[in-house]
1. Neighbour counts of other C-beta atoms within 10 Å: give me HIS288, HIS6 arranged from fewest to most.
2. With 10 angstrom as the radius, rank GLU61, GLU272, GLU38 by how many other C-beta atoms surround their C-beta, starting from the fewest.
3. Report the rotationally averaged projected area of the chain based on its alpha-carbon convex hull, in square nanometres.
4. Under the Kirkwood approximation applied to all pairs of distinct alpha-carbon atoms, what is the hydrodynamic radius of segment 131-212 in Å?
5. With just the Cα atoms of segment 72-157, tell me how far they stretch along each of the three principal axes, in Å, largest first.
6. Fewest Cβ neighbours within 10 Å first, please rank THR181, THR271, THR7 accordingly.
7. Convert each backbone phi in segment 255-272 into a coupling constant with the Karplus relation 6.51 cos²θ - 1.76 cosθ + 1.60 (shift: θ = phi - 60°), then list the ³J(HN,Hα) values in order as whole Hz, x for Gly and Pro.
8. Report the relative contact order of the chain, percent, no decimals, based on alpha-carbon pairs under 8 angstrom and at least 6 residues apart.
Amino acid sequence: MTAPYHTPVLLQETLSYLLSTTSGVYVDATLGGGGHAEAILSRLDSAGSLVGLDADKDAIEFSSKRLQAFGKRAVARQENFRNITSVLSELGVSKVAGVLFDLGVSSFQLDEPSRGFSYRSDDRLDMRMDRRQRRSAIEVVNEYEEAALANVFWKYGEERRSRRIAKAIVQNRIRANIQTTDQLEKIVRNVVGGRFALKSLSRVFQALRIEVNNELGNLISALQESINLLEAGGRVVVISYHSLEDRIVKETFNAQAASRIPSGSKFIADTEIRPTLKILTKKPMLAHQQEVEQNPRARSAKLRAAQKV
Ligand SMILES: C[S@@+](CC[C@H](N)C(=O)[O-])C[C@H]1O[C@@H](n2cnc3c(N)ncnc32)[C@H](O)[C@@H]1O
């Protein structure tokens, strides 16, 4: 039996937070294998539709086939979600009932050696979600200055040995370009030996992936644009898999749900403002143990949802 493309995480929770009407336009900004999208579409009536975006051509090819049964009510586009407003505008859509972000990479991307996302297999050190993009992890690892590399590992991987790993990379690449996941793995293992190696490898690979795909910058702007696109009562749901993403979601929601801007002075009154969002999840939703047992990827998932006021 072949492995499924991707098992959707927190599926029931996503549906109950996202769906405010059965007849609106929904956006799945991270279509992946189309698991969430298919479940959303099957709960909509004939006036409801879904636009799915993914930066990855493989994801679009796979999910387009999966969603064929929904005919014109399902549209899939190979696009970065940072272009959400312009893609919708091309489709003649100015307001939507809901937007879903299920961030990060799919199981297919992680498990497919040729994508170079994982140190568990040996292939080209690629890590691009969109392979039309010029910069892959090879360019980052071979062209960034030592301090910039250390900064990537520290900022996006919270890797304590960021400076030593960056130094080792620079020393190695003088001899030969670093082209494969295996080469990078050996360098990291030489710096961080023994039982700490696996955690450092995960952090270094995660940090490179975030840098190659500008994941945090894209999330900040797409989240803001999505909130602008929501009709009154429309909802945004975000599933994140590491603390940096979750912090961006939490802070964006909090800023949009605020009803006052503190003056910072005890003599001057705060400024009252009209909130644009109502937060639906005071604390993030986590997967139940049973889901985590069946799908280990769900372990780190955090779902936050908010509704346009
Ligand atoms: C966790 S998977 C989504 C899985 C999907 N919910 C499902 O049910 O199969 C994340 C997907 O988001 C895509 N992605 C990540 N960042 C993106 C971005 N900035 N723009 C568009 N797609 C992105 C990845 O290529 C990947 O296919």
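What follows is calculated from the coordinates using simple rules that are stated; it is not laboratory data. Since the structure is predicted, the reported quantities are computational estimates derived from the model, not experimental observations. Note that each Cβ is placed from the backbone with ideal geometry, even for glycine, and that neighbours are counted across all protein chains shown.
1. The order, fewest Cβ neighbours first, is HIS288, HIS6.
2. Details: GLU61 12, GLU272 8, GLU38 19.
Result, fewest neighbours first: GLU272, GLU61, GLU38.
3. Across all orientations, the chain yields a mean hull projection of 18.6 nm².
4. 12.4 Å
5. 46, 28, 22
6. Working: THR181 25, THR271 9, THR7 16.
Lowest to highest Cβ neighbour count: THR271, THR7, THR181.
7. Each residue's phi maps through the Karplus curve to give 5, 7, 9, 5, 10, 8, 9, x, 6, x, 10, 7, 9, 9, 5, 5, 8, 6 Hz.
8. Relative contact order here is 18 percent.
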